[in-house]
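To start, the structure itself, in structure tokens.
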């Protein structure tokens with residue numbers, strides 16, 4: 001079914017063949033038009049470039065089955081399959097296929113690449129304006145945190161930070177934050193044997209049944225720490241909690257594992 005959908009997006013697309021030089025040129029021009037780095041797709045011997053401007057679907061086909069490229073400035077190795085596809089929009093490639101990034105000994109699929117519209121720091125500071133801010137020690141800040149989680153319909157033990165010094169919540173925008181005294185706290189949820197790390201400051205955007213765009217939270221998988229970017233309770237199963245990482249991976253657990261004191 002997915003392949004049929006993809007094929008439908010190829011219909012009506014601009015298709016360029018004729019060798020690597022012209023295909024590379026079209027690829028770079030598209031990335032530049034989208035406001036993305038022009039070296040984002042360093043594939044080799046590209047044989048075909050396609051772009052459906054109406055739907056945003058684009059693809060590149062290279063002569064080799066796979067090319068690995070290391071971006072030297074960040075020492076990050078990325079693998080590009082024989083065909084890479086994506087849906088393009090201003091500042092973003094989404095629903096990417098054929099691209100993987102290496103973390104230690106594991107390869108993770110890259111599903112989205114984007115350039116934030118504004119500096120994250122400036123955006124975050126804007127959300128702090130007009131927020132309810134509570135200080136005065138761990139007890140009162142923890143109480144406010146638990147009350148908010150309960151109001152959202154999320155497990156009350158989801159944020160077991162220590163010695164919390166500040167709680168903030170902007171009800172108008174949903175932005176919330178917690179600041180703890182320690183630089184980092186690791187907590188193991190015993191029922192699921194899952195270790196989660198909480199930075200000195202944790203931020204998120206809150207809505208009913210969900211925390212999204214989370215910063216400062218990581219979960220340990222094998223030898224890797226993966227950033228948790230979203231936590232939500234599925235509407236169809238309120239007894240479950242799903243964690244989504246920045247790599248696109250997600251896992252679902254019993255909500256009872258995140259009760260207070262667990």
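Each value in this text was obtained by applying a stated rule to the coordinates, not by laboratory testing. Note that the coordinates shown come from a computational prediction; the quantities given were computed from them, not determined experimentally. Backbone-built Cβ (ideal geometry, glycine too); neighbour counts: all protein chains shown.
General remarks:
- Computing FRET efficiency as 1/(1 + (r/R0)^6) for residue 79 and residue 192, where r is the C-beta to C-beta distance and R0 is 25 Å, gives about 0.20.
- Placing dummy labels 7 Å off each Cα toward the beta-carbon, the span from residue 252 to residue 133 is 4.0 nm.
- Modelled spin-label separation between residue 200 and residue 15, with each label point placed 7 Å from Cα along the Cα-to-Cβ direction: 5.6 nm.
- Relative contact order (%) - region 121-258, alpha-carbon pairs under 8 angstrom, separation at least six: 17
- Separation of alpha-carbon centers, region 69-98 and region 163-239, rounded to whole Å: 28
- Additional length obtainable on full extension of the chain from residue 68 to residue 181, 0.36 nm per residue less Cα span: 36.5 nm
- Taking the inverse of the mean 1/r over every pair of distinct Cα atoms in region 24-172 gives a Kirkwood hydrodynamic radius of 18.9 Å.
- Potential lengthening of the chain between residue 238 and residue 44 amounts to 65.1 nm, from the contour at 0.36 nm per residue minus the alpha-carbon distance.
- Rg/Rh, computed from the Cα trace of region 83-232 with Rh as the Kirkwood radius, has the value 1.01.
- Linear extension gain, residue 87 paired with residue 54, 0.36 nm per residue minus alpha-carbon span: 10.8 nm
- Percentage relative contact order, the chain, counting C-alpha pairs under 8 Å, at least six apart: 10
- Here the residues 214, 46, 15, ranked from fewest to most Cβ neighbours within 10 Å of their Cβ, fall in the order 15, 214, 46.
- Calculated on alpha-carbon atoms, Rg and Dmax of region 145-241 in Å: 13.0, 39
- Within a Gaussian network of the chain (alpha carbon springs, distance under 10 Å), most fluctuating of 98, 216, 12: 12
- Percentage, to the nearest whole number, of Cα pairs in the chain over 30 Å apart: 42
- Computed from the C-alpha gyration tensor, the three semi-axes of the ellipsoid equivalent to region 1-50 are 21, 14, 10 Å, from longest to shortest.
- Extending 7 Å from Cα along the Cβ direction at residue 140 and again at residue 7 yields two label points whose distance is 6.5 nm.
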